[in-house]
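The values are calculated or read from the model by the stated rules, or taken from the named source; none is laboratory data. What you are looking at is a predicted structure, and each value in this text was computed from that prediction instead of being measured. All Cβ positions, glycine included, derive from the backbone under ideal geometry; neighbour counts span all protein chains shown.
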Amino acid sequence: MQRDGIQFHNVGEARPVENRDGELLQRVPEAVRTELNDGAQARMRHPAGVELRFVPDGPARVTLSTVPGGSAANGTVQVFWGPIQGATEVVGSDPVTIEVSPPSGLADLEPLALEGLAFDPRVCRLRLPGEHRGGPMIYQGLEGDVRPPREDELPDRRYLAYGTSITEGEAPSGEHLTYVSQTARRLEADPINLGSCGTSYCDAAMADHIAERDDWDFATLSISVNMVGTFSPEEFRDRATRMIDRVASAHPEKPVVAITIFRNSRDVCRSSDPDGLCERFRSELREIVHETPHENVHLLEGPELLPTIDGLSTDLVHPGDNAMITMGETLAAELEPLLED
């Protein structure tokens with residue numbers, strides 16, 4: 001989506017807000033959002049992985065606010081210049097104007113310094129807050145001379161990730177530290193984050209949406225600790241099978257990687273999973289992938305991407321900064337051969 005000289009990355013639609021100037025940025029179109037389960041409908045309005053990208057010619061001012069009465073009063077917006085980390089700005093329910101200007105040092109970079117960068121440092125990236133770092137965000141306008149980034153200023157391939165709050169990025173301290181961002185960075189890819197905190201149920205509408213998109217080159221489907229205890233193993237199998245089949249059949253030339261449930265408290269705490277449901281659901285997903293007719297479907301084991309509890313947050317479910325970095329390194333190493341093929 002492009003408007004006002006801005007590329008709205010990972011935004012499916014901008015929607016008017018009642019009694020409020022500006023538009024709410026949501027990750028999927030409204031026609032998709034309203035077909036999801038009730039919780040996921042709310043989650044798709046949290047801007048995890050959403051970025052406002054533009055190349056300014058001089059100072060530019062972007063005005064943002066959070067939805068009044070939302071789950072988080074304030075949100076932290078991170079400013080990046082291509083891959084280079086800049087300032088952070090706190091945005092609340094009252095409109096906040098973020099002023100950015102191209103750093104003088106970036107204009108004096110040696111050509112060799114630009115080699116191997118997936119993002120051009122001239123691209124200003126306002127990275128909006130995802131899970132637990134802010135609520136839904138309202139765009140209220142831009143002032144200044146800016147243009148959208150060109151294709152040669154952005155990564156030349158895109159990575160789409162679907163999953164739970166671990167994918168959406170609950171515990172890390174910034175958007176750049178989610179495993180999705182860390183994986184994308186190592187593979188020189190542009191991340192599309194469709195994580196859905198607590199509500200990753202493999203809804204048919206989400207499967208159809210991913211299948212109908214043509215803006216990604218490889219995808220991971222983390223399926224899904226949210227379904228343990230909410231659905232029976234048989235219901236899980238039906239939903240997971242449909243999602244994998246729908247996405248893989250629509251994109252037979254693109255790797256589609258199913259990831260079993262990540263290591264969590266049910267695995268490491270005594271008596272926390274007496275019925276062994278986590279492992280039962282992992283087994284179901286292994287069988288789905290084994291039986292699929294689609295050659296582009298692959299399986300990765302979630303516990304192998306984070307083999308110990310080192311770096312988890314205290315709930316022993318959500319990876320913190322260090323665990324997310326480990327997951328990004330491991331996942332990128334597993335995906336790279338598939339991309340080369």
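Annotations
- Against the criterion of being outside the structural domain of Asp214 (by TED's automatic domain parsing) and either under 18 Å from Asp4 (Cβ atoms) or at pLDDT 95 or above (or both), Arg125 qualifies.
- Residues in the range 31-43 include none that are of a type in the set (A, V, I, L, M, F, W, C), at pLDDT 95 or above, closer than 16 Å to Val123 by Cα and in contact with a Ser or Thr (Cβ under 8 Å, 6 or more places away or on another chain).
- The residues on offer are Asp215, Asp208, Asp238, and the sole one that is closer than 29 Å to Thr76 by Cα and surrounded by fewer than 18 Cβ atoms within 10 Å (Cβ to Cβ) is Asp215.
- Among the residues making up the range 305-322, those that are assigned to a helix (DSSP H, G or I) and in contact (Cβ under 8 Å) with a residue 40 or more places away in the chain are Leu305, Asp321.
- Where a residue in the range 52-67 is assigned by TED's automatic domain parsing to the domain that holds Gly130 and its partner, wherever it lies, is hydroxyl-bearing (Ser, Thr, Tyr) and surrounded by 24 or more Cβ atoms within 10 Å (Cβ to Cβ), with Cβ under 7 Å and at least six apart: Leu64/Tyr139
- In the range 1-37, residue nearest to Gly82 (Cα to Cα) [restricted to those that are in contact (Cβ under 8 Å) with a residue 40 or more places away in the chain and acidic (Asp, Glu)]: Asp4
- Residue match in the range 214-224 (condition: outside the structural domain of Gly134 (by TED's automatic domain parsing), modelled with pLDDT of 95 or more and closer than 19 Å to Leu52 by Cα): yes
- For the range 20-42, taking the residues that are of a type in the set (D, E, K, R) and either outside the structural domain of Val90 (by TED's automatic domain parsing) or over 23 Å from Gly163 (Cβ atoms) (or both), the one that is nearest to the chain's Cα centre (by Cα) is identified as Glu23.
- Test result for Phe262, crowded, with 18+ Cβ neighbours inside 10 Å, in a helix (DSSP H, G or I) and in contact with a Ser or Thr (Cβ under 9 Å, 6 or more places away or on another chain): no
- Checking Arg45 against (1) over 24 Å from Leu154 (Cα atoms); (2) over 19 Å from the mean Cα position of the chain (by Cα), the condition it does not meet: (2)
- Only a single criterion out of (1) touching a Phe, Trp or Tyr at 6+ places or on another chain (Cβ under 6 Å); (2) free of Cβ contacts under 8 Å to residues at least 40 places away in the same chain is not satisfied by Gly302, namely (2).
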